[in-house]
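The values are calculated or read from the model by the stated rules, or taken from the named source; none is laboratory data. Values in this document were obtained by computation on a predicted structure and should not be read as measured data. Glycine also receives a Cβ, built like all others from the backbone with ideal geometry; neighbour counts cover every protein chain displayed. Accessible surface areas use protein heavy atoms only, side chains included; no ligands, DNA or RNA. Shrake-Rupley method; radii C 1.70, N 1.55, O 1.52, S 1.80 Å.
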Amino acid sequence: MEGEEGSESKQHHLSAGTLDPVSQKKHAAMLDRLATLHQSRLQQSAARSAAAAAASPAFESVSAFLDRFAESRRSIEADLRGCRALAADPASAARLKPELEKIAASIADLDRLVAENSYFLPSYEVRSSLRAISSLKESMEAANSELLPRKKFSFRNKAPKKDPTFLVKEVEEAKVSAPEKPDLAVVRGTPGFRNKEGSILIKHFRVSEEGEGEGDFTLADLNSCEIYLRGRLRALFIHRLTNCRVFAGAVLGSILIEEVNDCLLMLASHQIRIHDARATDFYLRVRSRPIIEDSSGVRFAPYRLFYEGIEEELRDSGLEEETGNWANVDDFKWLRAVQSPNWSVIPEEERVQTMNVSDATKEPCEDKQ
């Protein structure tokens, strides 16, 4: 195509001297358009290459992740020992508080690292990493209480106020590093509920002797259905749901959602990504910030699901803590500093009460109409 454009441009250039002034002006305008088109194609090609690079996994292997995690853990433990040494030296006491705050930020970064990479890690490695982070938090709180007893340190997600220009920069950087939207066609071979209308769908996920949950599960092409997923699973894919209500237990890895309309979804997971959602309410417990794209009229509230044994399942999956991230939504198609108009928090008076689905999930059948 570029060769054709170059040949055409050369041909017109050679004949330009034989044209009258009006034709020469048109000829020059056409050459400008060809040059602009060529430049646009080059930019699009560069953008696709950059997107492909951004979509590549952060780590090439599980061992690479574990090496990075172990290195960060050792660094944090060494910093904690250094703080105790500072506390013993009165001349260095003024440096103690900034050092403790730096350690707290490092632990938060390590926690986020696990959440963002849990989709490819074996579930036992995720649980082991979360236990290590929990131990670091306990050591941090003990050191803080001992060395700075007047101020209680917190690991809750309380975002400080920031200059709007920095907010715009952060969102733009997050968008650049975001992976491409999920292609849910690749999960057609997974177990799941598909092509149902007006059904009650129930699934119990069993736990193996090693404590592992079941693998991936898919909900696709469902209309006016109620879905109850009880137990622990690795990943959940939700595709093309209309007027459905989904109540799901713990998901150890990621939940990918695409094309949902007029639904209610109550979900708990380490990562949740939502694409092309309309007029849907999400009740979430999530360790990292939920991501929405190409969505509008979506609302968020905290997770309110109960059935017998769910507390233990959430704890074993590292989801027992309410992080507050259900309200920290990233809209990757909204780059302004002001609140995105595409999502909102559900007012307290409009939220559903705690959903006790113990009786519903006792149904032995998996498709009741």
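Which of the residues spanning region 246-285 are hydroxyl-bearing (Ser, Thr, Tyr) and assigned to a strand (DSSP E or B)?
Answer for region 246-285, where residues must be hydroxyl-bearing (Ser, Thr, Tyr) and assigned to a strand (DSSP E or B): 254, 269, 283.
Return yes or no: is residue 220 farther than 25 Å from residue 351 by Cβ and either in a strand (DSSP E or B) or among the acidic types (Asp, Glu) (or both)?
Taking the combined requirement at face value, the residue satisfies it.
Just to check your reading of the model, which residue among 102, 161 is more than 25 Å from residue 256 (Cβ to Cβ) and modelled with pLDDT of 80 or more?
102
From the list 185, 248, which residue is at pLDDT below 95, over 16 Å from the mean Cα position of the chain (by Cα) and surrounded by fewer than 15 Cβ atoms within 10 Å (Cβ to Cβ)?
Going through 185, 248 in turn, the sole match is 185.
Looking only at region 305-361, how many residues end up being among the aliphatic types (A, V, I, L, M) and in a strand (DSSP E or B)?
3
What residue, of 139, 129, is under 17 Å from residue 317 (Cβ atoms), surrounded by 14 or more Cβ atoms within 10 Å (Cβ to Cβ) and not assigned by the TED database to the domain that holds residue 255?
None of the other options fit; the residue is 129.
Which of (1) in contact with a His (Cβ under 7 Å, 6 or more places away or on another chain); (2) assigned to a strand (DSSP E or B) does residue 288 not meet, given it meets every other one?
Among (1) in contact with a His (Cβ under 7 Å, 6 or more places away or on another chain); (2) assigned to a strand (DSSP E or B), residue 288 violates only (2).
Here's the yes/no breakdown for (1) modelled with pLDDT under 90; (2) out of contact with any Ser or Thr (no Cβ under 8 Å at 6 or more places or on another chain); (3) assigned by the TED database to the domain that holds residue 318:
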{"residue": "213", "(1), (2), (3)": "yes, no, yes"}
{"residue": "218", "(1), (2), (3)": "no, no, yes"}
{"residue": "227", "(1), (2), (3)": "no, yes, yes"}
{"residue": "234", "(1), (2), (3)": "yes, no, yes"}
{"residue": "239", "(1), (2), (3)": "no, no, yes"}
{"residue": "242", "(1), (2), (3)": "no, no, yes"}
{"residue": "254", "(1), (2), (3)": "yes, no, yes"}
{"residue": "257", "(1), (2), (3)": "no, yes, yes"}
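If I filter region 259-290 down to residues being out of contact with any Ser or Thr (no Cβ under 9 Å at 6 or more places or on another chain) and open to solvent by less than 10 Å² (accessible area, probe 1.4 Å), which single residue comes out as modelled with the lowest pLDDT?
290
Step by step: first the residues of region 291-315, then only those that are out of contact with any Leu (no Cβ under 9 Å at 6 or more places or on another chain) and acidic (Asp, Glu), then the one that is most open to solvent (accessible area, probe 1.4 Å). Which residue is that?
Initial filter on region 291-315 (out of contact with any Leu (no Cβ under 9 Å at 6 or more places or on another chain)): 291-299, 304, 306-312, 314-315.
Still in the list and also acidic (Asp, Glu): 293-294, 308, 311-312.
On the way: 293: 21, 294: 65, 308: 131, 311: 99, 312: 103 Å².
Step by step, filter region 291-315, then rank; the result is 308.
Only one residue in 84, 68 is of a type outside the set (Phe, Trp, Tyr), open to solvent by 60 Å² or more (accessible area, probe 1.4 Å), in contact with a helix residue (DSSP H, G or I) (Cβ under 9 Å, 6 or more places away or on another chain) and at pLDDT 85 or above. Which one?
68
Using beta carbons and a limit of 8 Å, which pairs, at least six apart or on different chains, have the first residue in region 304-324 and on the phi > 0 side of the Ramachandran plot and the second one part of a loop (DSSP other than H, G, I, E, B) and open to solvent by 70 Å² or more (accessible area, probe 1.4 Å)?
These pairs meet every condition: 324/156; 324/157.
Name the residues in region 344-353 that are exposed (fewer than 10 other Cβ atoms within 10 Å of the Cβ) and either within 13 Å of residue 229 (Cα to Cα) or under 25 Å from the mean Cα position of the chain (by Cα) (or both), would you?
347, 348
Restricting attention to region 128-142, does a residue exist that is among the acidic types (Asp, Glu), modelled with pLDDT of 80 or more and part of a helix (DSSP H, G or I)?
Narrowing region 128-142 to residues among the acidic types (Asp, Glu): 138, 141.
In the following step, the residues that additionally are modelled with pLDDT of 80 or more were identified as 138, 141.
With the extra rule that they be part of a helix (DSSP H, G or I), the set shrinks to 138, 141.
Yes, some residue in region 128-142 is among the acidic types (Asp, Glu), modelled with pLDDT of 80 or more and part of a helix (DSSP H, G or I).
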